[in-house]
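The values are calculated or read from the model by the stated rules, or taken from the named source; none is laboratory data. Predicted model only: the values in this text are computed from it and were never measured. Please note: Cβ atoms are built from the backbone with ideal geometry, for glycine as well, and neighbour counts cover all protein chains shown. Side chains included, ligands, DNA and RNA excluded: accessible areas come from the protein's heavy atoms. Shrake-Rupley method; radii C 1.70, N 1.55, O 1.52, S 1.80 Å.
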Amino acid sequence: MSELVTMTVDENGVALVTLNRSEKRNAINASMINDMIELMSRINHEKNIGCVVITGGPVFSAGRDLKEIQGAKESSLSLNRQEYRILKKLYQSFEECQVPIIVAIKGYALGLGAGLVTWCDMAIMGETAKYGFPEAELGVLPGVSSLGVKKWVPKKVSYELLILGKILNANEAQHYALVNRVVRDDEVLPAALSIAKSLTQHGSDKSRLMKQYHQNLFSERTTLEMEYSLEMMALSGELSKKI
């Protein structure tokens, strides 16, 4: 584990996961991805944990590390596929998390950062924060980052988000059900922690049971579409070399 993603657990069984790369606007690199995968596994095994709050400030996340994205463009197709398999593991670690996940968004959540938001159960957003998928401007596809979008927004809206790269303000994100609540910027983390405390008030076993119930209620198979997204992401790296 690096120090780029940390976790503390309070007396209520609430795990606070913090992205700690603020000097790079929490741009998510390979080390952070591996840290998050490891932490999600740890959370599942530590039965005293009943809820997770993910935060990072003053900017939640600018998305994938641009240097690594550029490196993917210059890599072989096989290396690109390997890279995106790691992103698949990250997505699956969120999907398989046994406790509710709340994300606290300040500044902005872009690209993979926006993807993380859609993979969480609830989202609290600061009133001046922004949300979107600007990958199209970089000549790459959102891929795994976008897998959760279709759960929340209509197809035509997703086209603006994923293909045109439209950036939403907080009220727009709430309108499209991408976030649950919009609060003052200084109230984002306290609001998320308050909800987490409410979810764990009857113990971690109960909050885990409620998460399982909710997952089963809205379960759907996404394996095929994930494989398609991974292949498209890998191929986009090949195509960008020819532009």
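Table for the structure above
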{"item": "Selection within region 153-184 - modelled with pLDDT of 95 or more, assigned to a helix (DSSP H, G or I) and open to solvent by less than 50 Å² (accessible area, probe 1.4 Å)", "result": "A170, A173"}
{"item": "Total residues in region 141-152, condition part of a helix (DSSP H, G or I) and not charged (D, E, K, R)", "result": "5"}
{"item": "Region 22-52, residues that are assigned to a loop (DSSP other than H, G, I, E, B) and either touching a residue at least 60 places away in the same chain (Cβ under 8 Å) or surrounded by fewer than 22 Cβ atoms within 10 Å (Cβ to Cβ) (or both)", "result": "R25, N26, N29, E46, K47, N48, I49, G50"}
{"item": "Residue within region 198-206 that is of a type in the set (S, T, N, Q), modelled with pLDDT of 95 or more and over 20 Å from M7 (Cβ atoms) present", "result": "yes"}
